[in-house]
1. Quick one: if the Förster radius is 51 Å, what FRET efficiency do D205 and D63 give, using the C-beta to C-beta distance and rounding to 0.05?
2. How far apart, in nm, are two points set 7 Å out from the Cα along the Cα-to-Cβ line at L296 and at E217?
3. Treat each spin label as a single point 7 Å out from the Cα along the C-beta direction, and report the T438 to E99 distance in nm.
4. With a 1.4 Å probe and every protein chain left in place, work out the accessible area per residue of the stretch 50-129 in Å², rounded to a whole number.
5. For the stretch 109-216, which whole-number percentage of the solvent-accessible area (1.4 Å probe, protein heavy atoms only) is attributable to carbon and sulfur atoms?
6. Relative contact order for the chain using alpha-carbon pairs under 8 Å, separation at least 6, rounded to a whole percent?
7. Return the whole-Å distance between the Cα centroid of the stretch 173-237 and the Cα centroid of the stretch 124-141.
8. Counting only heavy atoms of protein chains, what accessible area per residue, in Å², does the stretch 405-446 have with a probe of 1.4 Å?
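The values are calculated or read from the model by the stated rules, or taken from the named source; none is laboratory data. As the structure is a computational prediction, the values presented were derived from the model and not from experiment. With ideal geometry, Cβ positions are generated from the backbone for all residues, glycine too; neighbour counts draw on all protein chains shown. These accessible areas exclude ligands, DNA and RNA; they are computed on the full protein's heavy atoms, side chains included. Shrake-Rupley method; radii C 1.70, N 1.55, O 1.52, S 1.80 Å.
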Amino acid sequence: MRLTILGGGGFRVPLVYRALLADRGQGRVTHVTLHDLDPRRLDAIVKVLRDQARGHDDAPAVDVTTDLDAAVTGADFVFSAIRVGGLAGRAADERVALELGVLGQETVGAGGIAYGLRTIPVAVDIARRIARLAPQAWVINFTNPAGMVTEAMAAHLGGRVIGICDSPVGLGRRAARALGVDPERAWLDYAGLNHLGWLRAIRVDGVDVLPRLLADEDALTSFEEGKLFGADWLRALGCLPNEYLHYYYFNREAVAGARAAEKTRGAFLLDQQSRFYERMQAPDTPAFATWDATRLEREVTYMAENREAVDAGERNSCDLDSGGYEKVALALMRAIALDERTTLILNVRGRGALTPLDDEAVVETNCHVDANGARPIIGTPLDANAAGLVTTVKAAERDVIRAATTGDRTAALRAFALHPLVDSVAIARRLLDGYLATVPGLDYLREESRV
């Protein structure tokens, strides 16, 4: 089976390769093509993969290319993990927003809108090329903002593009372990949008054990989300929100924490990864050890400003165990390629699974997966507050997609102005002007609306 990774020089690619090395089953990936626009980054990651492959006689073969058409032609699966504008673009997204007193996080609020406006035109071009050159391929989208990027690509690939995120699975695993439950035995009832969802039940042998967790103060505050949100608020909600909802429920504190930080998250990662890729150019650098030390530093500092803002303390070792997006991707590939039926939390067109959203809206929820792809499971409706938030954010996402695919500047302004984390039309105008003045890749919005 042939896998192509777009953004193949990206820092997290070794996580995917590690999962491929551990896969001993039938129909495993035998060939990986890494595509990236930066040959230096490709060279660095190939060195890490070469270290990982030592001792594995049947490790998947790896080749590299900067030619997108060549990369996707003949692929069975395509992972899209691109970062348009690089980490410098992310740092600019954050800075423009924070200077105006609003959140600049890369997938949430103003920063997410800016990132989507920059990314969707490129993602749509990729989708069109895959539809033409590899119509049999399945596309697994890692690219953020994952929900809106997947929805934009689905207009050209239909159900053959599926978005993934490890946040819901990571939340479910941490919650199950806090109760002493094996996460593999737990059914997670999760629904919402990417980075805007809620874990509403944890069923073990048909019994929902979430109420027991909510009632146990020590267990509830023993893991990341319990520390971030606080036991009282989680009990008031009656469910466990995705960690990214901290930006909504504690917005003032999150913005204050980000503004007080020495560096934004994007600026920190830009410095950290610049050092990593620079060090990897030296011939004697221990590739895997260097990568792994950098990865651990990245995990330990994740959402540090949010934890500091609410005095949540340092991350425990259990919190460093994410949902393993590479494991989710591998499970998804195997289910499709080998018709190994399974259930995963994915980003797919809702098809009525999440009212009041329409059928074409991409949502993040439980899905049945087999050789025919992923089908969302219709579950319990969202409560009124969650439904209102999801509907509002989806409307903003739709405006981002419209702006990015038609050049409609008014739609871009509306996306900023109507997002719940931007509280002023005047600020929305300044955000749009600020991004146009400082962030490359938005030239198509410089003219007045063409529609």
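1. Details: r = 47 Å, r/R0 = 0.92.
Plugging the Cβ-Cβ distance into 1/(1 + (r/R0)^6) gives 0.65.
2. Computed distance between label sites L296 and E217 equals 3.5 nm.
3. The two pseudo-label positions are separated by 0.4 nm.
4. Per residue, the stretch 50-129 has an accessible area of 35 Å².
5. 50
6. Answer for the chain is 17 percent.
7. 37
8. On a per-residue basis, the stretch 405-446 sits at 45 Å².
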